[in-house]
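**Student:** Got a structure here, written out as structure tokens. Questions coming.
The values are calculated or read from the model by the stated rules, or taken from the named source; none is laboratory data. Since we're looking at a predicted model, the values are computed, not measured. Cβ atoms come from the backbone with ideal geometry, glycine included; neighbour counts cover every protein chain shown.
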Amino acid sequence: MNFKTYMNEKRMMVDTRLAELLQTDVTPFGPLYEAMNYSLMAGGKRIRPVLMLSVLEALGKNAAPYLDIACAMECVHSYSLIHDDLPAMDDDALRRGKPTNHVVFGEGIAILAGDGLLTFAFELMARQRHIDPDKIRQCLYTFAHAAGPAGMVGGQAFDLQSEGNKDIGLDGLRLLHRSKTGVIFKAAIDMAAILGDAEPSQRQALDTYALNMGLTFQITDDILDIAGDEAILGKPVGSDVKNNKATYVTIFSLEEARNMAQKAAAAAIAAAEPLGEKAWFLRELVSYMLVRTM
């Protein structure tokens, strides 16, 4: 199976299950669920859930029983995008080629839609009774820690505080992007390692892969904000410059950023080698990140 076919099959699995999950028969709550589904089902690459499922398969496991946990990751990702787009944050009006949540539903409902997706994700994980309860507990801690003030939320706060300050240095930039973006990729990999009974040597390889894969993704994301095509991206380009944010492109040059991305990608691919042939998708995913246009 090639990369594109695998990615599309797994993405379809995730999309089909997500469409089944968020329903309500409580009529007064209908508008909230509509707003939650609006962003959740607006498309997207589904990289985080697909990554988790692919790591499970690289470890020799059947990924299907863990689909709901992968879907929980996408709920948290969608929540973060809704809140990132708010006027108090990045103030973006377009996401995935559609008006952002607050533009359609208003700021109040958009905030609640994000809150709803975040909390629903943990409800979804907690109700997986067919999985070892201790593994669920470990996954809940791993994901909550990654998504909370010590991870993604902390990274967003640091991002806001750093606006207009391009002197945070390389260490500050790495902390910013590792917290905002890389930490959720690592959580996807860590949860797969927990559920897939990874050996210590496999965990070490996956840790190195996660660090460099997340870095590759973030640097290319920064590049696309400058050099991407808005029609393909489905969101405005130049948002980081407009908000005077520190990125790999605004602190370094476009050429330097591309070189950094290539080095990180090479390190990620090398880290996945000890996992063997079953980890082929992990290597292909990093190569895709280098050339992606959206």
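**Student:** Do any residues in segment 114-128 that are crowded, with 21+ Cβ neighbours inside 10 Å have Cβ atoms under 6 Å from those of residues that are among the small types (Gly, Ala, Ser) and at pLDDT 95 or above, where the two are at least six apart or on different chains, and which pairs are they?
**Tutor:** From residues that are crowded, with 21+ Cβ neighbours inside 10 Å, the pairs are Leu117/Ser78; Ala121/Ala72; Met125/Ala72.
**Student:** So Asp197 passes all but one of these: (1) in contact with a helix residue (DSSP H, G or I) (Cβ under 6 Å, 6 or more places away or on another chain); (2) at positive phi; (3) not hydrophobic (A, V, I, L, M, F, W, C). Which condition number does it fail?
**Tutor:** Status for Asp197: all satisfied but (1).
**Student:** On the given criteria, is Asp91 within 30 Å of Asp225 (Cβ to Cβ), at pLDDT below 95 and out of contact with any strand residue (DSSP E or B) (no Cβ under 7 Å at 6 or more places or on another chain)? It would help to see each step written out before you state the result.
**Tutor:** On the way: within 30 Å of Asp225 (Cβ to Cβ): yes; at pLDDT below 95: yes; out of contact with any strand residue (DSSP E or B) (no Cβ under 7 Å at 6 or more places or on another chain): yes.
Spelling it out, Asp91 is indeed within 30 Å of Asp225 (Cβ to Cβ), at pLDDT below 95 and out of contact with any strand residue (DSSP E or B) (no Cβ under 7 Å at 6 or more places or on another chain).
**Student:** Would you check if there is a residue in segment 267-288 being part of a helix (DSSP H, G or I), modelled with pLDDT under 95 and under 27 Å from Asp159 (Cβ atoms)?
**Tutor:** Looking through segment 267-288, at least one residue is part of a helix (DSSP H, G or I), modelled with pLDDT under 95 and under 27 Å from Asp159 (Cβ atoms).
**Student:** So, in segment 245-264, of the ones that are in a loop (DSSP other than H, G, I, E, B) and buried (at least 17 other Cβ atoms within 10 Å of the Cβ), which residue ends up nearest to the chain's Cα centre (by Cα)?
**Tutor:** Applying the first criterion (in a loop (DSSP other than H, G, I, E, B)) to segment 245-264 yields 245-247, 252-253.
Subsequent filtering for residues that are buried (at least 17 other Cβ atoms within 10 Å of the Cβ) retains 245-247, 252.
Details: Lys245: 20, Ala246: 20, Thr247: 18, Phe252: 24 Å.
For segment 245-264, the residue satisfying everything is Thr247.
**Student:** Within segment 94-119, how many residues turn out to be outside any helix (DSSP H, G or I) and among the small types (Gly, Ala, Ser)? Even if it seems obvious, please write down each step before you answer.
**Tutor:** We begin by selecting, within segment 94-119, every residue outside any helix (DSSP H, G or I); these are 94-100, 106.
So of that shortlist, the ones also among the small types (Gly, Ala, Ser) come out as 97, 106.
Selection size over segment 94-119: 2.
**Student:** A follow-up question, please. Would you please name the residue that is nearest to the chain's Cα centre (by Cα), looking only at residues in segment 149-177 that are within 16 Å of His83 (Cβ to Cβ) and among the hydrophobic types (A, V, I, L, M, F, W, C)?
**Tutor:** Met152
**Student:** Shifting gears a bit: From the list Glu74, Glu34, Glu9, pick out the single residue that is closer than 19 Å to Lys186 by Cβ and at pLDDT 95 or above. I'd like the intermediate steps shown before the answer.
**Tutor:** Working: Glu34 fails: closer than 19 Å to Lys186 by Cβ; Glu9 fails: closer than 19 Å to Lys186 by Cβ.
After applying the criteria, what remains is Glu74.
**Student:** Quick check on Phe143: is it under 17 Å from the mean Cα position of the chain (by Cα) and among the aromatic types (Phe, Trp, Tyr)?
**Tutor:** Values: under 17 Å from the mean Cα position of the chain (by Cα): yes; among the aromatic types (Phe, Trp, Tyr): yes.
Yes.
**Student:** Counting only residues that are out of contact with any Lys or Arg (no Cβ under 6 Å at 6 or more places or on another chain) and among the charged types (D, E, K, R), give me the helices (runs of 4 or more DSSP H) lying completely in segment 120-199 with at least 2 of them.
**Tutor:** Hits in segment 120-199: 133-147, 169-177, 183-195.
**Student:** Residues in segment 117-145 that are farther than 17 Å from Ile189 by Cβ and of a type in the set (Ser, Thr, Tyr): how many?
**Tutor:** Counting residues in segment 117-145 that are farther than 17 Å from Ile189 by Cβ and of a type in the set (Ser, Thr, Tyr) gives 1.
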